Protein chains: 8
Amino acid sequence: MSPVVGIVMGSDSDWPVMEAAAKALDEFEIAYEVDVVSAHRMPREMITYGEQAADRGLKAIIAGAGGAAHLPGMLASVTPLPVIGVPVPLKYLDGMDSLLSIVQMPAGVPVATVSVAGARNAGLLAARMLAAHDEELLGRMREFQQELNDQATEKGKRLRA
Amino acid sequence: MSPVVGIVMGSDSDWPVMEAAAKALDEFEIAYEVDVVSAHRMPREMITYGEQAADRGLKAIIAGAGGAAHLPGMLASVTPLPVIGVPVPLKYLDGMDSLLSIVQMPAGVPVATVSVAGARNAGLLAARMLAAHDEELLGRMREFQQELNDQATEKGKRLRA
Amino acid sequence: MSPVVGIVMGSDSDWPVMEAAAKALDEFEIAYEVDVVSAHRMPREMITYGEQAADRGLKAIIAGAGGAAHLPGMLASVTPLPVIGVPVPLKYLDGMDSLLSIVQMPAGVPVATVSVAGARNAGLLAARMLAAHDEELLGRMREFQQELNDQATEKGKRLRA
Amino acid sequence: MSPVVGIVMGSDSDWPVMEAAAKALDEFEIAYEVDVVSAHRMPREMITYGEQAADRGLKAIIAGAGGAAHLPGMLASVTPLPVIGVPVPLKYLDGMDSLLSIVQMPAGVPVATVSVAGARNAGLLAARMLAAHDEELLGRMREFQQELNDQATEKGKRLRA
Amino acid sequence: MSPVVGIVMGSDSDWPVMEAAAKALDEFEIAYEVDVVSAHRMPREMITYGEQAADRGLKAIIAGAGGAAHLPGMLASVTPLPVIGVPVPLKYLDGMDSLLSIVQMPAGVPVATVSVAGARNAGLLAARMLAAHDEELLGRMREFQQELNDQATEKGKRLRA
Amino acid sequence: MSPVVGIVMGSDSDWPVMEAAAKALDEFEIAYEVDVVSAHRMPREMITYGEQAADRGLKAIIAGAGGAAHLPGMLASVTPLPVIGVPVPLKYLDGMDSLLSIVQMPAGVPVATVSVAGARNAGLLAARMLAAHDEELLGRMREFQQELNDQATEKGKRLRA
Amino acid sequence: MSPVVGIVMGSDSDWPVMEAAAKALDEFEIAYEVDVVSAHRMPREMITYGEQAADRGLKAIIAGAGGAAHLPGMLASVTPLPVIGVPVPLKYLDGMDSLLSIVQMPAGVPVATVSVAGARNAGLLAARMLAAHDEELLGRMREFQQELNDQATEKGKRLRA
Amino acid sequence: MSPVVGIVMGSDSDWPVMEAAAKALDEFEIAYEVDVVSAHRMPREMITYGEQAADRGLKAIIAGAGGAAHLPGMLASVTPLPVIGVPVPLKYLDGMDSLLSIVQMPAGVPVATVSVAGARNAGLLAARMLAAHDEELLGRMREFQQELNDQATEKGKRLRA
């Protein structure tokens, strides 16, 4: 199955955070690809990646980066696809630099930003984007939401006991 | 034409900020609806809005809110659609409270967050989500990106002169 | 004895923080109930919980949540009772997101916010609310304050020695 | 009618912010008193005010202060009543100093903190505390919440039109 | 020798931070006293402590507190002596709450604030205040500054080697 | 009368903020001098100023600076006198940069920091330092504190009326 | 004279801030060019600009950008020249987002960051970089520093008078 | 080979952070010197160091400091050379105080600031400054950038596998 979501990050050191995006897509059986595409170390390849993404069949890109996190915004500038940005926290500043570097994009070039280290939600957001155009996937998302509900209900039961 | 994007906000006082989302959708001739759906003042109606959104044909929801901004996250909890959150700045704190209240969602319930007062990008992000499944719209998004390029190029010319 | 305070939280992972609220109520022999009521995973049940709280005899609700913490504010929107919000700190941002998401409520829907991880004070605040209408409890609160004084005095003695 | 809520502030310059608390209590026909009680300029009188508040029939104290805002916390240390703190913003720092100085109270001495400049919600919170013990007032609070709902619904109608 | 500096703190749990103030005064052979004086748990005793400090022969007070840190400011409101505030960091927020609660005092009631956990500098600041009126102590402060210089010079030598 | 307090600032543009320090000293009839002593534009003269301050009879230095505010800390490194730092706010960041640049001094070199733009308190703090060694001035400081009390009491009367 | 410094910005709306860099270079008679080079609207042209900068004879690039400010960092990734970043403040957040987006670059790709809106210092920094390799320019920089000193000295005289 | 870059820091405790600057210069075979030059403990020697730097043949100074970090700015005030500032993080505040103390320099005295603890980039920035005037070094910087690219490409390969 050809990948419909691209998960990219500036360095493989971001993988422990970004892995959760892949896992979320696995749960929905959505095909994805994973790659290192560094805005700062591979700027030309990064631009090529973004330019070709739509033509290669991707429907969304998930990009994680930390500190002066330029990858999500730069990809958004060269692809017409929705780009989801994951602020990866560095050793200092708790990811506030990563968050602001990703979310505060200028008018014209949006990045769909999730929480600091929120890669799982990045995967789920990509799944929702696809589900909006896929009744079967939409149904699965509703089931997933019901499961969240069931789990929380179960936790409540245990806590009350 | 039936609306495919819902633009909602907690109060009509958010409209001066949120209007830019509508305008962006207009530019792409995407049908949308606009409503006041307050998480805090109309919680039950807000939940109903979210629950019915997908069945009514919406493909994405854009929600703006300020301060302890709960509308985007609450909608995301009751719809399987992608929800785009716009942090509306209040008189104090420059929208930092709005931003964190929207972007820091727990795992399981994503909100695609844009910049403080970034409603135009919310509209463009919705357009990209649709464009990923609509070749014609994808082409228009590419044209739009080219226009941004042309305008910036033109500005450079004037500045150099 | 029928519970007069409800202690709720978004997940049982908040219990290590929220437990201190229960312990404070125990010290004042105030009956309470404990439950998981997630704004994001159980939105409809959360609303039902809030709507029925007053009729079930509760006089106050203590709600803990972290990150984009919507539980206290959403409960406050569906109950006429005072809601006390406890900002539970997540791994990043030291609870600043939780604090702002809870305290910055819009005019009309108040949440009585305590410090980051300040669940003990949430319990004591509920006790004060009840004590204002219960002479016996008021007396015990004054004794409690005297004990704080005695303990601090004792610490001073030991430090001076 | 004897006052059941005390509204105090460090200086009459806080009145433009704090007035909204009085107005909220007026709407619920709750009797209150207003005074300047400065923690830093009248420390002994401030302590006396707090010590006598419960015996004079008050059921709650609303205290507003800015910057190194010590009034709410100091009152809470000498009264067994619930104290509601309103962070009054100064010229710089947008009230963040006021907020942290009020909300971050040590375990043992709670302050029910509302949003920056959120005096209206302080009044409504006091009303809720009273309503929890007064069926008639509880009913009025429910009506008030319904009115908020009606107004928001009306705003939605106008926006859709 | 009668104490000329009072070192006080809200709880003996602040002692590991505040000890450095005592040690600095020891190095200058300045007599001091140490006590627990809690603004929130011993408000009346705290006020008495401040009121009597000057008459008991103190020339400066060093006060450490954390979170909503009211001790330095409240002491400053009841003594005409200079009060030095030490922001003690709590588990969350890195002492930013403590710092703002101490430094942002209203006009009329100054607190001489040092860095987060900067108790050693609080002791040295008290020593400087005394030295300004004591030629012998002034000389020792100059020697101390020379020693700092010598140590740094020595460190440079070792680093260059 | 020979000056006993030096009020210095990095630029005469700081004077509108710093003037309040001079006015406070005037109220206590404390002799002072005023000068521009820029750490960044006159580093050598700044060091000379600090080195000679004690010998010229000064008992305290008040230094105001904004942004990367180095003047208070640099003076403290070359004088044994107490240095009081006033964080002057710049156009951006609300003085948070000025505050941290002044208050976060390393162990060994204290600066007595007051609030953002808190020059009046800097003057009052210098007056307290002198008063600790001058019974007559101590008496005047107590009168001043009583006047603050009287004014606040009067404001309360007017508000209650 | 061929330009040795490139001043670029994301939009001509940044010019009112960036103009000060040009003026500083004018004072030192350093030849420069000015252009709009947007990382987000002209990504390919931006990369070409950076790639050719050194070969075209530039010795340094000054880049200003606001919000999620990617221009300085992206240029630094494609040129071996030193890049100076100027954080341009947007309407909200006082330039803190711009600052962190520029300064927090990952190891390997440095950006020489100046203060929020500090374009004049960006120009002076470029001048210093050139002066380190140009005795005549070094002399002029020393004269410039002396002039700063003279002006500050003069301001002191006027203030003392 | 005579040193062309000076690496200085306020204390040898900064060496574990600053070492990375030396290592980067080693990689480019750029001669440097290392020293402890404390703005606060050796102010006169610090000024002498800065005044003589250019005459001793240095082309750039790298200065690291933490908290109220004055060393980079003070050196910049006495040398015409470019000064690169490294914000060294202290135990609290994550280096935000260090960053603002270094980057927010007043107009006239620039400091080229790198990221919190970003000493490696400080070394690379110095190398770029030199490379702009040294074709051979410029070539090596380009090779270095290619190596970064190769490594990132390799990481991508491994991740895809």
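Restricting to the stretch B:120-140, name every residue that is in contact with a helix residue (DSSP H, G or I) (Cβ under 8 Å, 6 or more places away or on another chain) and surrounded by fewer than 22 Cβ atoms within 10 Å (Cβ to Cβ).
B:Leu137, B:Leu138, B:Arg140
Would you check which residues across the stretch A:20-48 are more than 14 Å from H:Thr153 (Cβ to Cβ), touching a Lys or Arg at 6+ places or on another chain (Cβ under 7 Å), facing another protein chain (nearest Cβ under 10 Å) and outside any helix (DSSP H, G or I) and list them?
A:Val34 - this is the single residue of the stretch A:20-48 that is more than 14 Å from H:Thr153 (Cβ to Cβ), touching a Lys or Arg at 6+ places or on another chain (Cβ under 7 Å), facing another protein chain (nearest Cβ under 10 Å) and outside any helix (DSSP H, G or I).
Does the stretch G:144-161 hold any residues that are hydroxyl-bearing (Ser, Thr, Tyr) and more than 24 Å from G:Ala127 (Cβ to Cβ), and which are they?
none
Filter the stretch G:38-60 down to the residues that are of a type in the set (Lys, Arg) and under 24 Å from H:Ala127 (Cβ atoms) and list them by number.
The answer is G:Arg56, G:Lys59.
Output the residues belonging to the stretch C:56-90 that are under 9 Å from the mean Cα position of the chain (by Cα) and of a type in the set (A, V, I, L, M, F, W, C).
If the condition is that a residue be under 9 Å from the mean Cα position of the chain (by Cα) and of a type in the set (A, V, I, L, M, F, W, C), then C:Ala60, C:Ile61, C:Ile62, C:Ala63, C:Val83, C:Ile84, C:Val86 are the ones that fit.
How many residues are within 7 Å of another protein chain (Cβ to nearest Cβ) and surrounded by 24 or more Cβ atoms within 10 Å (Cβ to Cβ) when one looks only at the stretch H:68-79?
Selection size over the stretch H:68-79: 5.
Any chance you could count how many residues in the stretch G:24-46 are surrounded by 17 or more Cβ atoms within 10 Å (Cβ to Cβ) and of a type in the set (Lys, Arg)?
Qualifying residue count for the region: 1.
Considering each of D:Ala21, D:Ala54 in turn, give the residue that is small (Gly, Ala, Ser) and surrounded by 24 or more Cβ atoms within 10 Å (Cβ to Cβ).
Only one candidate qualifies: D:Ala21.
Can you pull out every residue in the stretch C:1-43 that is within 14 Å of the chain's Cα centre (by Cα) and modelled with pLDDT under 95?
Residue satisfying the conditions is C:Gly10 alone.
Of all residues in the stretch C:50-67, which are at the interface with another protein chain (Cβ under 8 Å from one of its Cβ atoms) and among the basic types (Lys, Arg)?
C:Lys59
Output the residue which, of all residues in the stretch G:100-116 that are free of Cβ contacts under 8 Å to residues at least 24 places away in the same chain and at the interface with chain H (Cβ under 7 Å from one of its Cβ atoms), is surrounded by the most Cβ atoms within 10 Å (Cβ to Cβ).
Checking each candidate, the answer is G:Val103.
Which residues, taken from the stretch C:132-161, are aliphatic (A, V, I, L, M) and free of Cβ contacts under 8 Å to residues at least 12 places away in the same chain?
Listed by number, the residues that qualify are C:Ala132, C:Leu138, C:Leu148, C:Ala152, C:Leu159, C:Ala161.
Residues of the stretch F:1-13 being surrounded by fewer than 16 Cβ atoms within 10 Å (Cβ to Cβ), part of a loop (DSSP other than H, G, I, E, B) and of a type in the set (S, T, N, Q), which ones?
Scanning the stretch F:1-13 gives a single hit, F:Ser2.
For the stretch D:146-157, enumerate the residues that are closer than 14 Å to C:Val109 by Cα and buried (at least 21 other Cβ atoms within 10 Å of the Cβ).
If the condition is that a residue be closer than 14 Å to C:Val109 by Cα and buried (at least 21 other Cβ atoms within 10 Å of the Cβ), then D:Ala152 is the only one that fits.
With the structure loaded, tell me whether C:Pro87 is surrounded by fewer than 20 Cβ atoms within 10 Å (Cβ to Cβ), at pLDDT 95 or above, on the phi < 0 side of the Ramachandran plot and not aliphatic (A, V, I, L, M) or whether it fails that test.
no
This table checks each residue for (1) β-branched (Val, Ile, Thr); (2) over 26 Å from D:Gln151 (Cα atoms); (3) in contact with a Ser or Thr (Cβ under 9 Å, 6 or more places away or on another chain).
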| residue | (1), (2), (3) |
| --- | --- |
| B:Leu71 | no, no, yes |
| B:Ile84 | yes, no, yes |
| B:Val88 | yes, no, yes |
| B:Tyr92 | no, no, yes |
| B:Met96 | no, yes, no |
| B:Pro110 | no, yes, yes |
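Among the residues of the stretch D:73-122, write down those that are under 16 Å from C:Val83 (Cβ atoms) and assigned to a loop (DSSP other than H, G, I, E, B).
Result: D:Pro82, D:Pro110, D:Val111, D:Val114, D:Ser115, D:Gly118.
Any chance you could count how many residues in the stretch A:110-161 are farther than 26 Å from C:Asp97 by Cα and of a type in the set (S, T, N, Q)?
Total satisfying the criteria: 1.
Determine whether C:Gly67 is under 26 Å from D:Leu138 (Cα atoms), in contact (Cβ under 8 Å) with a residue 24 or more places away in the chain and not aliphatic (A, V, I, L, M).
So C:Gly67 fails the test.
Quick check on D:Met141: is it more than 14 Å from the chain's Cα centre (by Cα) and either modelled with pLDDT of 95 or more or part of a helix (DSSP H, G or I) (or both)?
yes
From (1) under 20 Å from the mean Cα position of the chain (by Cα); (2) among the polar types (S, T, N, Q); (3) closer than 27 Å to F:Met46 by Cβ, pick out the condition that doesn't hold for G:Thr153.
The failed condition is (1).
Of E:Leu93, E:Leu124, which residue is away from chain F (no Cβ under 14 Å) and hydrophobic (A, V, I, L, M, F, W, C)?
One residue alone meets the criteria, E:Leu93.
For the list (1) surrounded by 24 or more Cβ atoms within 10 Å (Cβ to Cβ); (2) without any contact (Cβ under 8 Å) to a residue 60 or more places away in the chain, I need the number of the one condition that A:Pro16 fails.
Every condition holds for A:Pro16 apart from (1).
Going by the structure shown, is G:Val17 over 18 Å from A:Gly73 (Cβ atoms) and part of a helix (DSSP H, G or I)?
yes
When you check G:Ala127 against the structure, is it under 18 Å from the mean Cα position of the chain (by Cα) and in contact (Cβ under 8 Å) with a residue 12 or more places away in the chain, yes or no?
In short, yes.
The values are calculated or read from the model by the stated rules, or taken from the named source; none is laboratory data. Please read all numbers here as calculations on a predicted model, not as lab measurements. Cβ: placed from backbone, ideal geometry, glycine included. Neighbour counts: every protein chain shown.
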